[in-house]
1. Would you pick out the residues in the range 49-63 that are touching a helix residue (DSSP H, G or I) at 6+ places or on another chain (Cβ under 6 Å), farther than 29 Å from residue 101 by Cα and in a strand (DSSP E or B)?
2. Can you name the residue in the range 103-123 that is closer than 16 Å to residue 133 by Cβ and surrounded by 16 or more Cβ atoms within 10 Å (Cβ to Cβ) and, of all such residues, is modelled with the lowest pLDDT?
3. Which count do you get for residues in the range 124-147 that are under 23 Å from residue 40 (Cβ atoms) and surrounded by 16 or more Cβ atoms within 10 Å (Cβ to Cβ)?
4. I'd like to verify a number: residues in the range 106-144 that are part of a strand (DSSP E or B), within 22 Å of residue 73 (Cα to Cα) and in contact with a helix residue (DSSP H, G or I) (Cβ under 6 Å, 6 or more places away or on another chain), how many?
5. Give the residue, chosen from 43, 53, that is closer than 24 Å to residue 148 by Cβ and without any contact (Cβ under 8 Å) to a residue 60 or more places away in the chain.
6. Quick check, is residue 78 on the phi < 0 side of the Ramachandran plot, modelled with pLDDT of 95 or more and buried (at least 17 other Cβ atoms within 10 Å of the Cβ)?
7. Of the numbered conditions (1) touching a strand residue (DSSP E or B) at 6+ places or on another chain (Cβ under 9 Å); (2) modelled with pLDDT of 55 or more; (3) surrounded by 10 or more Cβ atoms within 10 Å (Cβ to Cβ), residue 27 satisfies every one except a single condition; which is it?
8. Of the numbered conditions (1) over 13 Å from residue 33 (Cβ atoms); (2) touching a residue at least 40 places away in the same chain (Cβ under 8 Å); (3) part of a loop (DSSP other than H, G, I, E, B), residue 93 fails exactly one; give the number of that condition.
């Protein structure tokens, strides 16, 4: 009887672990990260999801280049997201204010997770708040990645 109960417990635990893995993969697919930088004379938008990323330098978004997101780069983004308190994104303070006198483009970071959309306050392009700096730098690296594809 003990053997049967032990065997049944192992099966149930294994099944529960598999359900958790499926749930985690579903959440990954529902994340979209967007970085936007805009000034009077320029516009840049980088949007990354699990399957693809796009880069647009056109405000009307008529000319968008789509590329496949490499698995390693997506995993790197997810690791960077894990250390950020996403709910605090709107409360982050910009370290510089050059955008206020046209010294830098206005930049924002937008994270869409499932149906929720969280956007940072505006900060200077090239000078993100320290809490999101590694994530922004990784997003900007997708421009080089696009030129290689």
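The values are calculated or read from the model by the stated rules, or taken from the named source; none is laboratory data. These figures come from a predicted structure and were not determined experimentally. We place every Cβ from the backbone using ideal geometry, glycine too, and count neighbours over all the protein chains shown.
1. The one that is touching a helix residue (DSSP H, G or I) at 6+ places or on another chain (Cβ under 6 Å), farther than 29 Å from residue 101 by Cα and in a strand (DSSP E or B): 53.
2. Residue satisfying both the conditions and the ranking: 104.
3. 7
4. 2
5. The conditions single out 43.
6. Considered against the rule, which asks whether it is on the phi < 0 side of the Ramachandran plot, modelled with pLDDT of 95 or more and buried (at least 17 other Cβ atoms within 10 Å of the Cβ), residue 78 comes out as no.
7. (2)
8. Here residue 93 clears every test but (2).
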